[in-house]
Amino acid sequence: MKVGTELESIPFLTTFDQAFSEINSPNNNDQITIILIIRRGEPESYKTQKLFEMAVYHLTNEKQQGEDDESGFSFFCLDSIEVPLFHQHFDLKSVPIFAAFHHSKPIYIGNFGGCISLLRPVAIQPSPSSTSSSLGTVMRKSHFFILLLEPNIHDQILIEKALKRRRIKGSSGITCEWNLCLDGQAASSYLMAHGGRVDVLLVSEDCSESDLRTVSSSLSSSSSSNILVSGLVSLLGEEGKRRREQMVWSEGVSEEISKLQSGNSSNSQQLQNISSLLVGKPFHHKTLDSIAIHYNSAFSLALDSSNDHHLTFERLGEEIEKLKEKKGTNLENEENGITMSIS
């Protein structure tokens, strides 16, 4: 049985920014982006890549021959050695492995399994690992990229010292990397260029009102919609004492943003407008665990398979298994692609 003739290779993403550009592309808002992460040169990765190409070709060709619905998928490959930041950012443990994204958010990481179609936020119990719910697999991030906007040099040093302790996994499994900006213009430029990479934006109350306005404008036009904006506020001195007494704080964070007050009322209002969480200063590395809980509560997605797409993980997985089991399967690495035939 001839399944395909000449297959075009699934394109490779060659840089971290290119990968996030595809994940966050406005053109892909209604699509699910599937990325196969491999290590080129390894037999198992090569085999998985080619089987992936065959399965995609077979199912999409089948749709063209007689089915009307759109698959709603886009496909890419990525070399974990060539783009190590991607592997680290999503805390991937092995290759080959598949990662899927919808509306900029990771919805599946692992081997093929299960269907995906209707995606919607769900209420979950925060956890830094992947779990299951009645609606399907729920993804929880454990590695975060933080953009820190802090003009106060003393606070910069203390916060970065705390963040450095989370470059290596702690007992909670939460890790991070970060970039420091000194003013609103620098933060705005970073968000416009790399917004899809940022998970958490820490904005100090010591920023000027104009800086806060600049950041607010950038957030509304940023390439990523899943940034947890957190206001950094001091819990020291008389003002800090008042905040500790009048607001509920848990592990260094507070959700009572409306109670935030300071000597500069307009500055305080701007910070309230853009923040969905308050983070106390001095900043402790364990505060990152609380931030992770709030992030995952706000942005984790579950998969509801009640209305399946034409092309699903389940169908891809079944197709790959079918190809593996067929006798006489030939994989030939050719300059212009791969020819597949099954006797």
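For this structure, a couple of remarks:
- Among the residues of the range 295-313, those that are surrounded by fewer than 19 Cβ atoms within 10 Å (Cβ to Cβ) and modelled with pLDDT of 65 or more comprise Ser297, Ala298.
- Test: residue in the range 272-287 that is at pLDDT 70 or above and more than 30 Å from Ser218 (Cβ to Cβ): no
- One residue stands out among those in the range 21-47 that are of a type in the set (A, V, I, L, M) and modelled with pLDDT under 85: the one that is surrounded by the most Cβ atoms within 10 Å (Cβ to Cβ), which is Ile23.
- Qualifying residue in the range 70-90 (condition: assigned to a strand (DSSP E or B) and either acidic (Asp, Glu) or at pLDDT below 70 (or both)): yes
- Filter pass, Gln18 being farther than 22 Å from Asn296 by Cβ, under 16 Å from the mean Cα position of the chain (by Cα) and modelled with pLDDT under 85: no
- Only one of the listed residues (Val233, Val248, Val215) is at pLDDT 90 or above, β-branched (Val, Ile, Thr) and assigned to a loop (DSSP other than H, G, I, E, B). That residue is Val248.
- Among the residues of the range 191-212, those that are modelled with pLDDT of 90 or more and under 21 Å from the mean Cα position of the chain (by Cα) comprise Val200, Leu201, Leu202, Val203.
- Residues in the range 244-258 that are farther than 16 Å from Leu202 by Cα and small (Gly, Ala, Ser): Ser250, Ser258.
The values are calculated or read from the model by the stated rules, or taken from the named source; none is laboratory data. The structure displayed is predicted, hence computed values, not measured ones. Glycine gets a Cβ as well: all are built from the backbone with ideal geometry, and neighbour counts include every protein chain shown.
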